[in-house]
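Peer 1: Handing you a structure now.
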Amino acid sequence: MDAPRVEVLAMAAGESKVYLGPAALTTFCATIAQRDHRVFVLTDQNTHQDCLPILAKYLTIDAQYDIPAGEKNKNLERLAQVWEALSQAHLTRGDLLINLGGGVVCDLGGFAASTYKRGMRFVHMPTTVLAMADAAIGGKTGIDFMGYKNQIGSFQQPMAVVVHTAFLETLPERELRSGYAEVLKHLLISDAAGWMAATDAVPEDWDAIVAKAIGIKLHFTESDPYEKGMRKALNFGHTVGHALESYFLTLENVAPILHGEAVAAGMICEAWLSCQRGLLTADAFTQIQNRLLAIFPKLAFPKSDIAAIARWCLQDKKNTAGQIKSALLDGIGSYSLDVTLTLPDIEASLLHYFATHI
């Protein structure tokens, strides 16, 4: 019988590596098992139950801490609790924090590690498609603040990213679908053939899909680690998407939406704006919209709230000199950076989305 495969991708930033393949988890754990350090694992309550027992088979865990699941917990209060847990465990900069979870755990845990004692080593072990394909790759860390997505954070590369796709077997279909939005975004900005070959349904075999998405993400982040140029393209769909995500987080008695659901809606809005600017043909826009609506349920919000949703874009991290800046499509598989948008532009795109019939 063939031995399980593992592929190790060395990243340009320091000694950071990405472990891929069926043997990724066991290979990484074997490489650190004999080192002189303590291991602290950060989870949410879901990954504590479903994923931590798997990791514990291969690695001695010295301390562990849970945060509640969900984007609403990616905040300063939870960050302080993680700092406190690290301090109570007497972790040093030479010890290792493993972030075992989805985008929230990776973002918050990475930021906690990058600031604890002015920076300790950390590893991402993403457990969702979203985290594997996007959040764990590229060295962005952060928390939400005052309702704004990722308002406080840092660029800090993990020691390693360990992609064990078997963790995805623990997820409901809605979470898998949410992560697929980021995969489709990667294809739209850089791989026209990959976009054309993509299906209008949530995939079942994730290994090749996740590996391809990671390759695309690394292409952008390795060339532009601090998002001064081409890396901004990865924000396609996120100007409007983050506004929608923030808006839903503020609503009482309404469940928050998942990040990928917000990005899918944002991609429709920003593809529509690309078409309005003459960057994308009407046929290409229709194809994009139809595919995304076939996969992602349309978000429901009152027409009267469109102006309020658009105002969330005023705090977008890409903005410069008081202007809303966005990455739009310049045809399928290509992008245009630093496109200036106005609040009426955002509102018009949301109105189009609101009025679209499925």
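Peer 1: Residue 317 is checked against (1) more than 25 Å from residue 175 (Cα to Cα); (2) without any contact (Cβ under 8 Å) to a residue 60 or more places away in the chain and fails just one. What number does that condition carry?
Peer 2: Unmet condition: (2).
Peer 1: Identify the single condition in (1) within 23 Å of the chain's Cα centre (by Cα); (2) modelled with pLDDT under 95 that residue 357 does not satisfy, given that it satisfies every other one.
Peer 2: Just one mismatch for residue 357, condition (1).
Peer 1: Just the residues that are in a loop (DSSP other than H, G, I, E, B) and surrounded by fewer than 23 Cβ atoms within 10 Å (Cβ to Cβ), please, taken from the stretch 212-241.
Peer 2: Selection gives 224, 225, 226, 227, 228, 229.
Peer 1: Tell me, which residue of the stretch 151-170 that is within 16 Å of the chain's Cα centre (by Cα) and part of a loop (DSSP other than H, G, I, E, B) is surrounded by the fewest Cβ atoms within 10 Å (Cβ to Cβ)?
Peer 2: Among those that are within 16 Å of the chain's Cα centre (by Cα) and part of a loop (DSSP other than H, G, I, E, B), it is 156.
Peer 1: Let me ask you something else. Only one of (1) in contact with a helix residue (DSSP H, G or I) (Cβ under 6 Å, 6 or more places away or on another chain); (2) more than 19 Å from residue 103 (Cα to Cα); (3) of a type in the set (Asp, Glu); (4) surrounded by 17 or more Cβ atoms within 10 Å (Cβ to Cβ) fails for residue 191. Which number is that?
Peer 2: Unmet condition: (1).
Peer 1: Collect the residues in the stretch 114-150 that are assigned to a helix (DSSP H, G or I) and under 14 Å from the mean Cα position of the chain (by Cα), keeping them in residue-number order.
Peer 2: 129, 130, 131, 132, 133, 134, 135
Peer 1: Can you find a residue that is in contact with a strand residue (DSSP E or B) (Cβ under 6 Å, 6 or more places away or on another chain) and of a type in the set (Phe, Trp, Tyr) anywhere in the stretch 342-358?
Peer 2: For the stretch 342-358, residues in contact with a strand residue (DSSP E or B) (Cβ under 6 Å, 6 or more places away or on another chain) and of a type in the set (Phe, Trp, Tyr): absent.
Quick grid of which residues meet (1) open to solvent by 20 Å² or more (accessible area, probe 1.4 Å); (2) hydrophobic (A, V, I, L, M, F, W, C); (3) at pLDDT below 95; (4) closer than 18 Å to residue 163 by Cβ:
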residue: 5; (1), (2), (3), (4): yes, no, yes, yes
residue: 22; (1), (2), (3), (4): yes, no, yes, yes
residue: 33; (1), (2), (3), (4): yes, yes, yes, no
residue: 47; (1), (2), (3), (4): no, no, no, yes
residue: 51; (1), (2), (3), (4): no, yes, no, yes
residue: 54; (1), (2), (3), (4): yes, yes, no, yes
residue: 62; (1), (2), (3), (4): yes, no, no, no
residue: 65; (1), (2), (3), (4): yes, no, no, no
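Peer 1: Then there's this: When you go through (1) open to solvent by 40 Å² or more (accessible area, probe 1.4 Å); (2) at pLDDT below 95 one by one for residue 316, which number turns out not to apply?
Peer 2: Exception for residue 316: condition (1).
Peer 1: Taking the options 290, 253, name whichever one is at positive phi and of a type outside the set (Phe, Trp, Tyr).
Peer 2: Selected residue: 253, the only one of 290, 253 that is at positive phi and of a type outside the set (Phe, Trp, Tyr).
Peer 1: Give me the pairs: first residue in the stretch 69-90 and of a type outside the set (A, V, I, L, M) and modelled with pLDDT of 95 or more, second residue surrounded by fewer than 14 Cβ atoms within 10 Å (Cβ to Cβ) and assigned to a helix (DSSP H, G or I), beta-carbon distance under 8 Å, and six or more apart or on different chains, which are they?
Peer 2: Close Cβ pairs satisfying both conditions: none exist.
The values are calculated or read from the model by the stated rules, or taken from the named source; none is laboratory data. Since the structure is predicted, the reported quantities are computational estimates derived from the model, not experimental observations. Note: ideal-geometry Cβ built from the backbone for every residue, glycine included; neighbour counts use all protein chains shown. Only protein heavy atoms, including side chains, enter the accessible area calculation; ligands, DNA and RNA are left aside. Shrake-Rupley method; radii C 1.70, N 1.55, O 1.52, S 1.80 Å.
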